[in-house]
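The values are calculated or read from the model by the stated rules, or taken from the named source; none is laboratory data. Predicted, not measured: the structure shown is a model, and the values here were computed from it. Counting neighbours? That spans all protein chains shown, and the Cβs are built from the backbone with ideal geometry, glycine included. Only protein heavy atoms, including side chains, enter the accessible area calculation; ligands, DNA and RNA are left aside. Shrake-Rupley method; radii C 1.70, N 1.55, O 1.52, S 1.80 Å.
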Amino acid sequence: MTAHSWRVLGATGFIGSAITTALRARDIPVTPVATPRLASPATTVHHVIEHAHRLESVIDYLAESFAGADTVVNAAGLAAPDQTHQQSLTGANALLPVLVALAAHRTGVRRVIHMSSASVQADAPVLDESIRTAPFSPYSFSKALGESALYRLHSQWSEEPSAPELTVIRATSVMGTARRTTRMLARFASSPLSSVAGDGTAPTPVTSVTALAQFTASVGEFRGELPPVILQPWEGATTGSVLRDAGRRHPLNLPPLLCRAVIACARFGSGAVGHRYAGLIRRLEVTWFGQRQVPGWAHEHGVIPQPHVQEILREAHLALGR
């Protein structure tokens, strides 16, 4: 049986390149699509969709690029948790997904997979697959706005048999040996400051780009109907294991109350300067406390990728000495 043809936006980026590699390893025909650079002043779903409909030339370009494709993956976007320029973030993370969906609808694409981020649920005690979002920074707001716009289109097209299936994959805290965030984690884990809140057994959503890419390929190939939101599966990491793998040393065990006080003070200070450090503070919070997540769709359907987070973190540690 001939494999379906895929298109990937952001194919040269961190996640997009891994997805492209995973697809080619499965002998799935895949073609990269160049991503238009966009900005938008929109702050609501209505205005994002309205702005997208005005960009007819961009929709035409994308539709032409999608011709003959069965599945489109939007792995493009601005992965900049610390950036505060809202119009650039909105253009890349909210406007672009809508344009991709509109172009796919025009071209007859069967399935659109949009790569989002679990940061849209901020510090929820448990990450889940609901459409509920609670963004905490300009970056997470832009990702949440993109998701909400796709849900709106999904609702509008619900009675159209030929409309593309729109699915959001929420990536968690994705690590890769070449990623700056991973190198920062390895440096922290290797230093005397390496620490966790409590005993280090709390589950954490730190995952690997390799597993995310394999998971995305499996989601795209799934024969049944997909839900609107799918959460990247947990790879079994804990707050303590992540730091031991990335630093090859045991982290300090700090009192949770002390850690909470530090996070609260840091957030207060960040708020005074426009939440400039919200992303960094959230990363520290996850490092110390972790975050639980529901087993979700992946476990229900047995679509579980092989864990790779341990090897990636250990490779990141080794790379520090090179």
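The long axis of helix 180-190 is offset from the longest Cα principal axis of the chain by roughly 20 degrees. Of the trypsin sites (Lys or Arg not before Pro) found in segment 65-117, the ones in coil according to DSSP and having at most 16 other Cβ atoms within 10 Å of their Cβ are R110.
Which of rounded, prolate, oblate describes segment 1-89, given a ≥ b ≥ c as roots of the alpha-carbon gyration tensor eigenvalues and a/c under 1.5 marking rounded, otherwise prolate only if a/b is larger than b/c? Oblate shape, in that a/c is at least 1.5 and b/c is the bigger or equal ratio.
If I fit a long axis through the Cα atoms of helix 278-289 and take the longest principal axis of the Cα atoms of the chain, what angle between them do I get, 0 to 90°, rounded to 10? Taking Cα atoms only, the helix is inclined about 60 degrees.
Give the label of the value calculated from the structure for Rg and Dmax of the Cα atoms in Å, choosing from [x] 20.2, 70; [y] 19.5, 59; [z] 21.0, 85. From the options [x] 20.2, 70; [y] 19.5, 59; [z] 21.0, 85, the structure gives [y]. Going by alpha carbons, how many degrees (0 to 90, nearest 10) lie between the helix axis of 56-66 and the longest principal axis of the chain? On a 0 to 90 degree scale, this one is about 90. Within segment 213-322, the chymotrypsin sites (Phe, Trp or Tyr not before Pro) that combine a DSSP coil assignment with at most 16 other C-beta atoms in a 10 angstrom radius are F222.
Think of each Lys and Arg Cβ as +1 and each Asp and Glu Cβ as -1; about the Cα centre, that makes the dipole of the chain roughly 1140 debye.
Over all distinct alpha-carbon pairs, what is the Kirkwood Rh of segment 108-205 in angstrom?
Result for segment 108-205 stands at 16.1 Å.
Dividing the summed helix terms, -39500 (n - 2.57) for each DSSP H run of n ≥ 4, by the number of residues in the chain produces a 222 nm estimate of -14000 deg cm²/dmol to the nearest 500. Let a ≥ b ≥ c be the square roots of the eigenvalues of the Cα gyration tensor of segment 221-322; is it rounded (a/c under 1.5), or, if not, prolate (a/b larger than b/c) or oblate? It comes out oblate by the Cα gyration axes.
Any idea of the accessible area per residue across segment 98-170, 1.4 Å probe, to the nearest Å²?
35 Å²
Assuming a ≥ b ≥ c are the square roots of the Cα gyration tensor eigenvalues, decide whether segment 90-155 counts as rounded (a/c under 1.5), prolate (otherwise, with a/b larger than b/c) or oblate.
Working: a/c = 2.79, a/b = 1.81, b/c = 1.54.
In terms of gyration-tensor shape, prolate.
Solvent-accessible area of segment 88-170 (1.4 angstrom probe, protein heavy atoms only): carbon and sulfur portion equals 53 percent.
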